[in-house]
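Each reported figure results from applying straightforward, stated rules to the coordinates on display, with no laboratory input. Note that this is a predicted model, so its numbers are computed, not measured. No Cβ is skipped: glycine too gets one built from the backbone with ideal geometry, and neighbour counts run over all protein chains shown.
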Amino acid sequence: MLIRKLSIVTLISIFFALTLVVINIAFVIEYKRQISDLQFFTFQRFMMAVKVTFHNDADQEAMLSKLGVRISTQDKHLLLKEGVKLLEDPFSEMLMYEQKLYFVHRDPPPPPPPPMELHEGFPPPFPMKKMNEPPVLENIEAFSLYRLWILGGVINTLLLLFFGIVLRKLLRLRNLKSAIRTFGDTKRFQAIGVESEDELGEIASEFNLAMEKIHLLKEARTLFLRNILHELKTPIMKGKILSNSLENAKQQTQLERIFERLETLLGEMVKVEKLSSNEWILEAKEYRLVDVLDHAMDLLLLGDTKRIHIPPQEMAPLVKVDFELFATAIKNLLDNALKHTSERVEVDICADSISVCSYGEKIPKERLDFSRAFNRTVEGSSSGLGLGLYIANAIVAKHGFELSYLHVEGQNYFTIHFRQKEVEKNSPR
């Protein structure tokens, strides 16, 4: 789960950092190994040089030079005291002193004295002849690991250069994301700058083409809808005027209801267009839920609201909503309940929800998808187009709330659930 939360820039930065650390650790280990090998080979050259010193040849100095060694003038005891011991054998040591390598022969321990009984009646033993002690040898062959340092520097430089190139590409991808987000926020088409001809440039070009097509389709849809609404509103108004001149009261009432239905349908189509295109901007403020409900009942344009029953409320919940828009959602729920029952419609207000309850048949499962309009398989005079519940659900979802449906004991319950943090309880009315 942690890897999923990391951005690509952070993930690749961590990967490059780990790679850089591992490579440099490997170089340090290799450097120490090569130093150890060079010290061992130098110790071997010192051993060979010791053998050369036992031969009093005229070309001794030349042979020592070939081995990269010379006889040193440094004091043996000083080297043994202050030098850093690197390697040793039973008779000698290789020391580091003032950044130079020296080979020093150790003095053998003195032999133990003979027992006192051997001295009685015998002459003292002859002193042993002291063997020639090997001289102190100094390494004159300079060795350098500059090739290893050059290799490490080149690899680190290339790695950092490659990381810089990748990071630059990724930052362009982030800029592309910001441009896309800006386009979504402004709702205006603005071409994204194409800075290169690589894959990111191709993505930007394709995005520009796609957004331009969407923009043109959006403009065409808006123009078409406006023209349709304009052309339909004119005959509706004329029809209303002509219906008033009819002498038959029954026909006049029927025509008025037909034209009112058409006018309502046109208004709902406008709301559907704005909601589907996400162009309806919420102006949310805190209101008493009962005030929003009263306005929703006014929007029903009913002469008599006795069929709507609202139990007395001890508390007046506050809800942060767009007053006009949310009242439209409640109005659609009330209108839907009134159309499908001849009995009373109950409205229950709670601190975190509002429910509209009415008697009626259970809604089929295939018609419970309120997230899309026109979800009826067969249309008829007794069933609407599904716009009312679709608009109510879209408004509820836009506020961050939830619309649920439940059928219990022959009653249909449509409930809007509020977020608890956006609902408060006020003092009693």
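Worth pointing out:
- Nearest-0.05 FRET efficiency for Ala316 and Ser205, computed from C-beta distance (R0 56 Å): 0.50
- Ordered by the number of other Cβ atoms lying within 10 Å of each residue's own Cβ, fewest first, Thr42, Thr182 fall into the sequence Thr182, Thr42.
- Packing rank of 138-149, 388-399, where each peptide gets the mean count of other beta carbons within 10 Å, highest leading: 388-399, 138-149
- What the Cβ-Cβ distance of Phe40 and Val154 gives, at R0 = 30 Å and to the nearest 0.05, is a FRET efficiency of 0.60.
- Segment Arg70-Ile363, length gained on full extension (0.36 nm per residue, minus Cα span): 94.9 nm
- Segment 67-82 and segment 295-351: distance between their alpha carbon centers, rounded to Å: 106
- Highest-first arrangement of 252-259, 29-36, where packing means the average Cβ count within 10 Å: 252-259, 29-36
- For Met47 and Val408, the difference between the fully extended length at 0.36 nm per residue and the C-alpha to C-alpha distance is 119.7 nm.
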